[in-house]
Amino acid sequence: MTDRSEGFGERLLGVLLDRAHEMPPQLIAPLIAEEVARVGGRDVSILLQDYGQLVLVPLPGRRLTVGEPEPIGDSPAGTAFLQATTVEVPRPDGVRMYLPLLDGSDQVGVMGLTLDSVDDDDRRLLRRLAGLVADMLVTKHSYTDQFFLARRREPMSVAAEIQWSLLPPLAMSVPQAAVAGILEPAYSVAGDSFDYALNEDILHVAMVDAMGHGLDAATMATVAVGAYRHARRADIGLSEIYAFMDRAIAEQFGPDHFVTAQMMRLNVATGHLQWVNAGHPAPLLIRDHQVVRQLTGPTTLPVGFGGEEPRISEQMLQRGDRVLCFTDGLIEEHEAGEEQFGEEQLIHWVNRVEHTEKGVRAVVRALSHALKQQRGGRTSDDATLFLIEWRGGAADHLALLE
């Protein structure tokens, strides 16, 4: 007979699961602190990524330790966040642990706590506890402003508010593929957006850039992404998706408005990539941490202009290949009378960052901040990056119990 009695670990995690359904958001913090205390932990902090992806900010809450924000690029908490791994820092009073809060594979933030000492049982139990905490934060995020407010480091425009509410998680990772994206300027982005979905073996990706600025651009981008999702879920081809988006923008906004767009499909089992380019800069193919070429191909008119049926471009990827998509705000920035930032500089910085950072999320974040610094801190237009990595292989083993 299988022993089904409740052990210490099951009880600890089970209390969190049992109470999560009806728990008001403000009570999450004291329950987490209580759970950690049962393991002998103290000084619990929940750190969430700010919208600019610069720091991890402490979530205020009863029984939580609230200190200064932790820089993502230069702190133990930042390392835990970017590398999705537990970081342990010895201290005179014990060991400070930073555990990534993973919802699926998206890094929600980091949980920090202190123990007198740490063994493998502590590590296993706390890693699983951090996973449940991440799931709770994501679930409660949908019906409270508490987490939005903690992540804000400066005022946000109405247009940016709309765009952030439209986005999927900024990163996703499965054994066969990984993606990550970033929007600049984080607190006033308007017309740029991206979307993705993994349906069986097909990874669907779209990037859009609506003309103009402010609410008009945000409204157009919202319609474009909504039309893309509707068409994608109807399981039609890339050309038909383009036509559907084109009609949606034209009918809603008239002939003088447009949205540049790029729609992709990647078979994560085979590495077969297909895409339609409607006025976007050509993506970059990265192999062995170097840009090997632009993924040029036939282009069609931006959606809303009634372009002809687009031709579909194709590329077979090799395992480990990355594809970088970006909007024109990244390369067209310039001061009056001076040259644009340009694709040559972009490629230089991609090659440089690819050799210093690990993982798609770390690469996208570091690249975006480096490019902004090289542009003199200027972001007069939205500048968006989206990185895809194809790994190949399979994930069926994850559905098997050992």
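The values are calculated or read from the model by the stated rules, or taken from the named source; none is laboratory data. Keep in mind the model is a prediction, meaning the values are calculated, not measured. Don't worry about glycine lacking a Cβ; one is built from the backbone with ideal geometry, like all the others, and counts go over all protein chains shown.
Counting residues in segment 35-52 that are closer than 22 Å to residue 116 by Cβ, in a helix (DSSP H, G or I) and not charged (D, E, K, R) gives one or more. Checking each residue in segment 161-188 for being touching a Ser or Thr at 6+ places or on another chain (Cβ under 8 Å), over 30 Å from residue 399 (Cα atoms) and in contact (Cβ under 8 Å) with a residue 40 or more places away in the chain picks out 162, 163, 166, 182, 183, 184, 185, 187. Using the structure shown, decide if residue 22 is out of contact with any Ser or Thr (no Cβ under 7 Å at 6 or more places or on another chain), part of a helix (DSSP H, G or I) and not aliphatic (A, V, I, L, M). For residue 22, the condition - out of contact with any Ser or Thr (no Cβ under 7 Å at 6 or more places or on another chain), part of a helix (DSSP H, G or I) and not aliphatic (A, V, I, L, M) - is not met. Restricting attention to segment 78-116, the residues that are of a type outside the set (A, V, I, L, M), under 24 Å from residue 170 (Cβ atoms) and not in a strand (DSSP E or B) add up to 8.
The criterion of at least 2 residues that are at pLDDT 95 or above is met by the following strands (runs of 3 or more DSSP E) wholly inside segment 117-229: 177-184, 192-199, 202-210. The numbered conditions (1) in the same structural domain as residue 17 (by TED's automatic domain parsing); (2) surrounded by fewer than 18 Cβ atoms within 10 Å (Cβ to Cβ); (3) among the aliphatic types (A, V, I, L, M); (4) within 19 Å of the chain's Cα centre (by Cα) are all true for residue 95 except (4). Exactly one residue out of 258, 341 is crowded, with 17+ Cβ neighbours inside 10 Å, of a type in the set (Phe, Trp, Tyr), in contact with a Lys or Arg (Cβ under 8 Å, 6 or more places away or on another chain) and without any contact (Cβ under 8 Å) to a residue 60 or more places away in the chain: that is 341.
So which residues in segment 229-258 are closer than 23 Å to residue 179 by Cα and β-branched (Val, Ile, Thr), if there are any at all? Selection gives 236, 241.
Just one of the listed residues (248, 278) is of a type outside the set (S, T, N, Q) and touching an Asp or Glu at 6+ places or on another chain (Cβ under 9 Å), namely 278.
Is it the case that segment 32-40 has a residue that's surrounded by 14 or more Cβ atoms within 10 Å (Cβ to Cβ) and either within 30 Å of residue 167 (Cβ to Cβ) or aromatic (Phe, Trp, Tyr) (or both)? Yes, segment 32-40 contains at least one residue that is surrounded by 14 or more Cβ atoms within 10 Å (Cβ to Cβ) and either within 30 Å of residue 167 (Cβ to Cβ) or aromatic (Phe, Trp, Tyr) (or both). Total residues in segment 230-257 satisfying the condition of being outside any helix (DSSP H, G or I) and in contact with a helix residue (DSSP H, G or I) (Cβ under 7 Å, 6 or more places away or on another chain): the figure is 1.
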